[in-house]
Amino acid sequence: MVNAHIEMDLNNHVSVISSKIIQLIKAGGEMIIETLMKQFLKKYENYTPDQFMEGILFLFSLGCLTINDYKVILKNV
């Protein structure tokens, strides 16, 4: 279970970042992971590339997305 610290800013929680990644993928369809990261960082300037990769890893480990030929594909969402 992913728990947030009581004093943590929830905008920095991995589940919130992952939901924003899902919104971007749904809006743009399948896209190359580097393009997705550029769009994410441009839209959400307060986040870092490390947070983006943690969000991608979180979604991948839950089985919500797959990566095929460097393209991110949503499934089971």
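The values are calculated or read from the model by the stated rules, or taken from the named source; none is laboratory data. As the structure is a prediction and not an experimental result, all values here were calculated from the model. Cβ atoms come from the backbone with ideal geometry, glycine included; neighbour counts cover every protein chain shown. Accessible surface areas use protein heavy atoms only, side chains included; no ligands, DNA or RNA. Shrake-Rupley method; radii C 1.70, N 1.55, O 1.52, S 1.80 Å.
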**OP:** Select from the chain those trypsin sites (Lys or Arg not before Pro) which occupy a DSSP coil region and have at most 13 other Cβ atoms within 10 Å, ordered by residue number.
**Re:** Lys75
Original post:
How much of the accessible area of the chain, probe 1.4 Å, is carbon plus sulfur, in whole percent?
Top reply: 53 percent
Subject >> Nearest-ten-degree value, helix 49-62 long axis tilted from longest Cα axis of the chain >> reply: 80 degrees
Subject >> Sequence of Met8, Met31, Met53 when ordered by accessible area, the most exposed leading, probe 1.4 angstrom >> reply: Met53, Met8, Met31
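I need to check one value: relative contact order of the chain, counting alpha carbon pairs closer than 8 Å and at least 6 residues apart, in percent.
Worked out over the chain, it gives 33 percent.
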Original post:
By how many degrees, between 0 and 90 and to the nearest 10, does the Cα long axis of helix 14-28 differ from the longest principal axis of the chain?
Top reply: 30 degrees
Original post:
How big is the convex hull of the Cα atoms of the chain, per residue, in Å³?
Top reply: 86 Å³
Subject >> Dipole magnitude of the chain about its Cα centre (Cβ charges: Lys, Arg +1; Asp, Glu -1), debye to nearest 20 >> reply: 320 debye
Subject >> Degrees between helix 33-43 axis and first principal axis of the chain (Cα, 0 to 90, nearest 10) >> reply: 50 degrees
**OP:** Mind grabbing the accessible area of Asp69 for me, 1.4 Å probe, Å², rounded to tens?
**Re:** 120 Å²
Original post:
Toward the positive end of the charge dipole of region 1-68, about the Cα centre and with charges on Cβ (Lys, Arg +1; Asp, Glu -1), which of Gly29, Ile56, Asn68 goes farthest?
Top reply: Gly29
Subject >> Heavy atoms of Ser61 accessible to a 1.4 Å probe, total area in Å² rounded to 10 >> reply: 90 Å²
**OP:** Counting helices only, and only those DSSP H runs with n ≥ 4, report the 222 nm mean residue ellipticity of the chain as the sum of -39,500 (n - 2.57) divided by its residues, in deg cm²/dmol to the nearest 500.
**Re:** -16500 deg cm²/dmol
